[in-house]
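Nothing in this text is a laboratory measurement; each read-out follows from the coordinates by a stated rule. Everything quoted here is computed from the prediction, not taken from an experiment. Cβ atoms come from the backbone with ideal geometry, glycine included; neighbour counts cover every protein chain shown.
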Amino acid sequence: MVVVVLAPLARAGYALRSDMVFVPRQPLRWDLLAPADTLPRAVPQDALVSLSALVAPGWLVQRVVLAALLAAAAIGAGRLVPARHGWTRVVAAIGYAWTPYLAERLLIGQWGLLLCYAAMPWLIRAARDVRLGRPRAGARVVLAAACAAVTPTGGLIALVTTVVLARPAGSSPLGPAGPHRRGWGLAVTVVALNAPWLLVAVSSRASTVSDPGATSAFAARSENWGGVPAALAGTGGIWNAAAVPGSRSGPLVPLITAGLLVVAGCGFGTLRRRWAEGTATRLAWLAGGSLLLSAAGALPGASGAVRAAVDLIPGAGLLRDGQKFLIPYAICLVLCVALGAERIADRVPGVGGRLVLAGFALLPVLALPDLAWGVGGRLRPVEYPAEWATVAAVVRADPGPVVSLPMSAYRAYSWNPGAVVYDPAGRYLPAPVVADDRLRVGETVIGGESGAAAAIRGRLEEGRSVADGRVRWVLVQRGSGGSVPAAALGGLTLVHSGPGLALYRNPGYAAPGGFSVWGLMGYPLAGSVVVVAGWRRFARSRSMRRRQGWARSRL
């Protein structure tokens, strides 16, 4: 399955699409670890990529991450489903690794969120084992939640999942020691895993509230005649039309979705019986809540509440793209469909039952054929032009803040045809880069939070040079987002001029002051939690293997 989906990545280069930006060696910069002027949407994701660059090139990191998350999603779902037949596990594995949600998030480049998607089956299994009192389950919860917490959204999903599934019935944080305290203790530990982005957000100079217009811009969208309900019920409905596979507009898609919901309804009873301790019911409530949250921005009454929250409550901007919260619903749907298919197969004698399960295993591929071959060839590797390395070397020799022009968050390059990508300068250059943080969705422009970007836009509108004493370099990316007026480059010295990039030095640059380390304090806290959990998990496993070997030697 991994080979079928990622086959185009056998070629050299980088698959650059929307938010998925990998570069040859992403620098380990302070502003990537703890951005002070923007919200921590890529914390700690950027820090982890920068650390990986110390041992592996970016093209390899990208392939390993994408292959690992696809494999982990399939294997995790196959192991999680309480099946009686091996083919039922195959149905769950393919069903979870071949969903519209995964395809759409690949196309929009949110691979960090897909790590949460891949970790969810493992997190659910570990949380259930905590409720059952099984050994080492708590450490497995922490490790799975750590994978999910690579992004703020994934961290929140992992936290809610842990609270809902790992906590025994009727538990209280003030109750007696034992499983009750362990459930709440795990929740506190998962909060600690979110410390990197939480502390960066607290210490950031950026506005902590978002543009309320983002609620309608990022609301779930219809993909076919079934409307928003059918899109979300099938785990699709992303707001970006460019990230929707073509097969999702087919006339049979809503009918297939309705059929799967019926089969899932048949399978939920089986899930409840086989998970008799109540985990299935809790998972159903979690899935229902995620589905409602995903639809909130598109519902007439709920959208107003979401808009008000985004406008008034710090951090509520995480809710504006509600469709990304569908992960618990997706895994619950897949588990129930697999068990429903098993019930149907059990009623068909002989080889016919296995054919039924084989048909359900192939159904996701037939309904979404364009996930294959890099989502219909849209995950296509390209090479950065050589002048990107030239410009990076010049900046490395004399580091200082860079302004990226024209002011555009996303860019289309002739060498990356058919795709727009978040400005790569912010990850390619070995210095902080100030770029436009506004987003354009159709005709709607979503306001940003960066004061530095707003100041540069103001100088552009006034016809002044974009460089003040806090700017060392100005990078002009030709043909990728509009023109740059000559006045914006006044007083600057041209040091590189190539077919796609021009780099200017600002003679009036004055080195800025020091950097606050407050936002970095979350990293050692989260890292220590992961190290302790990993040590407990693997040290105890080794001890158990030794005891088993000793027992066998005595026989």
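With contributions of -39500 (n - 2.57) from each DSSP H run of at least four residues, the per-residue ellipticity at 222 nm computed over the chain stands at -17000 deg cm²/dmol.
Label reach from ALA10 (point 7 Å along Cα→C-beta): in the range 373-389, amide nitrogens under 19 Å belong to 373-383. Taking 18 Å as the cut-off, the amide N atoms of the range 388-409 that come nearer than this to a point 7 Å along the Cα-to-beta-carbon line of ALA487 belong to 406-407.
Arranged from fewest to most other beta-carbon atoms within 10 Å of their beta carbon, TYR413, TYR96 become TYR413, TYR96. Its Cα gyration tensor gives the range 1-158 an equivalent ellipsoid; the semi-axes, largest first and in whole Å, are 28, 21, 13.
Here ARG536 and VAL495 are evaluated by their C-beta separation; at R0 = 51 Å the FRET efficiency comes out at 0.45. Spatially, the range 1-40 and the range 331-350 are offset by 38 Å when compared through their Cα centroids. Out of every Cα pair in the range 385-505, what percent are spaced more than 20 Å from each other? Summing the P(r) tail past 20 Å for the range 385-505 gives 39 percent.
Please give the contour-minus-distance gain from THR208 to LEU355: 0.36 nm per residue of separation, less the Cα-Cα distance, rounded to one decimal in nm.
47.5 nm
Arranged from fewest to most other beta-carbon atoms within 10 Å of their beta carbon, ILE157, ILE344, ILE456 become ILE344, ILE456, ILE157. The stretch between LEU439 and THR281 holds 52.9 nm of extra length on full extension. This uses 0.36 nm per residue minus the Cα-Cα distance.
The equivalent ellipsoid of the range 198-267 has semi-axes of 34, 16, 10 Å, largest first, where each one is the square root of 5 times an eigenvalue of the Cα gyration tensor.
Considering every Cα-Cα pair within the chain, what fraction, in whole percent, is farther apart than 41 Å? Of the Cα pairs, 25 percent sit more than 41 Å apart. Remark: the LEU132-ARG273 segment gains 49.2 nm on full extension, using 0.36 nm per residue and subtracting the alpha carbon distance. With contacts taken as Cα pairs under 8 Å at a separation of at least 6 residues, the chain carries a relative contact order of 20 percent. Distance between the modelled labels on ARG396 and LEU54, one decimal in nanometres: 1.7 nm (7 Å Cα→Cβ projection).
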